[in-house]
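> Dropping a structure here in structure tokens format, bear with me for questions.
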Amino acid sequence: MPSHPLSDGIAFVRGDYVPIAEAAIPITDWGFLRSDATYDVVTVWEGAFFRLDEHLERFMHSCERFRLDPGLTPAQIEGVLAECVRRSGLRSSYVEMIVTRGQPPWGSRDPRQAVNRFYAFAVPFVWIANEAQRERGLHVKVSAVQRIPASSVDPRAKNYHWNDLTMGLLVALDDGADTVVLSDAQGNVVEGPGFNIFCIKDGALVTPREGVLEGISRRTVIEIAASLGLPVALRALPAEELRGADEAFLTSSGGGVLPVTRVDDRVVGTGRPGPVTQRLLATYWDWHRDPAYSRAIDYGQS
Ligand code: PLP
């Protein structure tokens, strides 16, 4: 069957829907020049958004935190996102909404004078770990690079301040690891490029409370754990405790629950994705079929 002609993705730019390869922003937009933007990513799985209301709520909060105005209501944003997906025909999609600072009048350096810009796009679903990595579990390196402190950039407002994550990731990949997790100034692990982290010891889950984006997948796992009667502690997670855990996993919209089987030179648990992780992972995908969390997209004639 020929692939859908727009299935590489569709973007919403200055009021128009365009093929993803044609989507562009002005080079003078501070979103580009200064990483001055906020964004959110919601996924579409089997033709339905997963937890869209939670993503929209977090996005509006991020906008408020950074004094950015999307110029659209959450309902209007939902309409744009659904239209990007509908036009692409994608049944599994990675859907991003962005507000950039835009640009103040020429010569002005006052961000209050900038006209903020809203952009969005839908592209094929993005996995932050490939199939082989998900099967055997990821090898994670704890980076020497410290995560930007929350007092400098609020990590609860989703942002593009990724230089620390990217530099840490480059070293981890050079060293043969699959990905990286950064720590705070006290040596507690916080988060990595696009994910939160959990460990499990004696049947109880731990995930960092501070210094992290409050991931929607993290929240989903916390709710799943509650439904399964598993205790969850939100607190500081020292790197050494992570290395000595029975099980560990990452959470991200880019793949849900992603098992971790090695941290630095230490094998985690048995070296295979653990039973509690597997149960959380299976339930995570089961919840995608629950109308309490998913909203079907009307693809019409696409
Ligand atoms: N932490 C960071 C820095 C992220 O960029 C992301 C997602 O992109 C996450 C955590 C996970 O958040 P979510 O589960 O909402 O995808």
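> Count, please, the residues in the range 141-174 that happen to be closer than 15 Å to Val189 by Cβ, touching a Lys or Arg at 6+ places or on another chain (Cβ under 7 Å) and either touching a residue at least 24 places away in the same chain (Cβ under 8 Å) or not assigned by TED's automatic domain parsing to the domain that holds Gln278 (or both). Before you say what the answer is, go through the steps one by one.
Taking the range 141-174 first, the residues closer than 15 Å to Val189 by Cβ are 141-150, 155, 164-165, 168-169, 172.
From the residues that got through so far, the ones that are touching a Lys or Arg at 6+ places or on another chain (Cβ under 7 Å) too are 164, 172.
Remaining after also requiring either touching a residue at least 24 places away in the same chain (Cβ under 8 Å) or not assigned by TED's automatic domain parsing to the domain that holds Gln278 (or both): 172.
Of the residues in that region, 1 qualify.
> Here's a follow-up. Within the range 50-67, restricting attention to residues that are in contact with a Lys or Arg (Cβ under 9 Å, 6 or more places away or on another chain) and away from the ligand (no atom under 14 Å from the Cβ), which residue is most open to solvent (accessible area, probe 1.4 Å)? I'd like the intermediate steps shown before the answer.
Kept after step one, since they are in contact with a Lys or Arg (Cβ under 9 Å, 6 or more places away or on another chain), are these residues of the range 50-67: 50-54, 58-59, 61-62, 65-67.
Still in the running and away from the ligand (no atom under 14 Å from the Cβ): 65-67.
On the way: Arg65: 118, Phe66: 46, Arg67: 176 Å².
So, considering only residues that are in contact with a Lys or Arg (Cβ under 9 Å, 6 or more places away or on another chain) and away from the ligand (no atom under 14 Å from the Cβ), the one most open to solvent (accessible area, probe 1.4 Å) is Arg67.
> Could you check how many residues of the range 37-64 are under 17 Å from Leu213 (Cβ atoms) and either in contact with a Leu (Cβ under 6 Å, 6 or more places away or on another chain) or assigned to a loop (DSSP other than H, G, I, E, B) (or both)?
The total comes to 3.
> Given Pro26, Pro70, Pro19, which one is away from the ligand (no atom under 16 Å from the Cβ), in contact with a helix residue (DSSP H, G or I) (Cβ under 7 Å, 6 or more places away or on another chain), at pLDDT 95 or above and not acidic (Asp, Glu)?
Testing whether each residue is away from the ligand (no atom under 16 Å from the Cβ), in contact with a helix residue (DSSP H, G or I) (Cβ under 7 Å, 6 or more places away or on another chain), at pLDDT 95 or above and not acidic (Asp, Glu) leaves just Pro70.
> In the range 251-283, which residue that is exposed (fewer than 15 other Cβ atoms within 10 Å of the Cβ) and of a type outside the set (Asp, Glu) is nearest to Val142 (Cα to Cα)?
Arg266
> Any idea which of Asn163, Asn188, Asn159 is loosely packed, with under 15 Cβ neighbours inside 10 Å and of a type outside the set (Lys, Arg)?
Values: Asn188 fails: loosely packed, with under 15 Cβ neighbours inside 10 Å; Asn159 fails: loosely packed, with under 15 Cβ neighbours inside 10 Å.
Only one candidate qualifies: Asn163.
> Still on this model: Restricted to the range 21-37, and to residues that are among the charged types (D, E, K, R) and within 22 Å of the chain's Cα centre (by Cα), which residue is most open to solvent (accessible area, probe 1.4 Å)? Break it down into steps so the answer makes sense when it comes.
Step one: of the range 21-37, the residues among the charged types (D, E, K, R) are 22, 29, 34, 36.
Now drop any that are not within 22 Å of the chain's Cα centre (by Cα), which leaves 34, 36.
Values: Arg34: 101, Asp36: 31 Å².
The qualifying residue most open to solvent (accessible area, probe 1.4 Å) is Arg34.
> Is at least one residue of the range 285-299 more than 16 Å from the ligand (Cβ to nearest atom), crowded, with 17+ Cβ neighbours inside 10 Å and not assigned by TED's automatic domain parsing to the domain that holds Leu165? I'd like the intermediate steps shown before the answer.
Just the residues of the range 285-299 that are more than 16 Å from the ligand (Cβ to nearest atom), to begin with: 286, 289-292, 295-299.
Retained after the next criterion (residues that are crowded, with 17+ Cβ neighbours inside 10 Å): 297.
Restricting the remaining residues to those that are not assigned by TED's automatic domain parsing to the domain that holds Leu165 gives 297.
For the range 285-299, residues more than 16 Å from the ligand (Cβ to nearest atom), crowded, with 17+ Cβ neighbours inside 10 Å and not assigned by TED's automatic domain parsing to the domain that holds Leu165: present.
> Does Asp40 count as touching a helix residue (DSSP H, G or I) at 6+ places or on another chain (Cβ under 7 Å) and either surrounded by 17 or more Cβ atoms within 10 Å (Cβ to Cβ) or under 13 Å from Arg86 (Cα atoms) (or both)?
Values: touching a helix residue (DSSP H, G or I) at 6+ places or on another chain (Cβ under 7 Å): yes; either surrounded by 17 or more Cβ atoms within 10 Å (Cβ to Cβ) or under 13 Å from Arg86 (Cα atoms) (or both): yes.
So Asp40 fits the description; yes.
> Separate question: Identify the single condition in (1) more than 16 Å from the ligand (Cβ to nearest atom); (2) outside any loop (DSSP other than H, G, I, E, B); (3) over 26 Å from Ala226 (Cα atoms) that Ala185 does not satisfy, given that it satisfies every other one.
Going through the list (1) more than 16 Å from the ligand (Cβ to nearest atom); (2) outside any loop (DSSP other than H, G, I, E, B); (3) over 26 Å from Ala226 (Cα atoms), Ala185 breaks only (2).
> Out of all the residues in the range 265-273, is one or more within 11 Å of the ligand (Cβ to nearest atom) and assigned by TED's automatic domain parsing to the domain that holds Leu138?
Step one: filter the range 265-273 for residues within 11 Å of the ligand (Cβ to nearest atom), giving none.
There is no residue in the range 265-273 that is within 11 Å of the ligand (Cβ to nearest atom) and assigned by TED's automatic domain parsing to the domain that holds Leu138.
> Restricting to the range 70-97, what's the tally of residues that are part of a strand (DSSP E or B) and surrounded by fewer than 23 Cβ atoms within 10 Å (Cβ to Cβ)? Explain how you work it out, then say what you get.
First, the residues of the range 70-97 that are part of a strand (DSSP E or B): 93-97.
Still in the running and surrounded by fewer than 23 Cβ atoms within 10 Å (Cβ to Cβ): 94, 96.
So the count comes out to 2.
> Here's something else I'd like to know. Given the condition open to solvent by 30 Å² or more (accessible area, probe 1.4 Å), assigned to a strand (DSSP E or B) and modelled with pLDDT of 95 or more, answer yes or no: does some residue in the range 123-137 qualify?
Yes; the residues of the range 123-137 include at least one that is open to solvent by 30 Å² or more (accessible area, probe 1.4 Å), assigned to a strand (DSSP E or B) and modelled with pLDDT of 95 or more.
The values are calculated or read from the model by the stated rules, or taken from the named source; none is laboratory data. If you're wondering where the values come from, they're calculated on a predicted model, not measured in any experiment. Counting neighbours? That spans all protein chains shown, and the Cβs are built from the backbone with ideal geometry, glycine included. Just the protein is used for accessible areas: all its heavy atoms, side chains included, with ligands, DNA and RNA removed. Shrake-Rupley method; radii C 1.70, N 1.55, O 1.52, S 1.80 Å.
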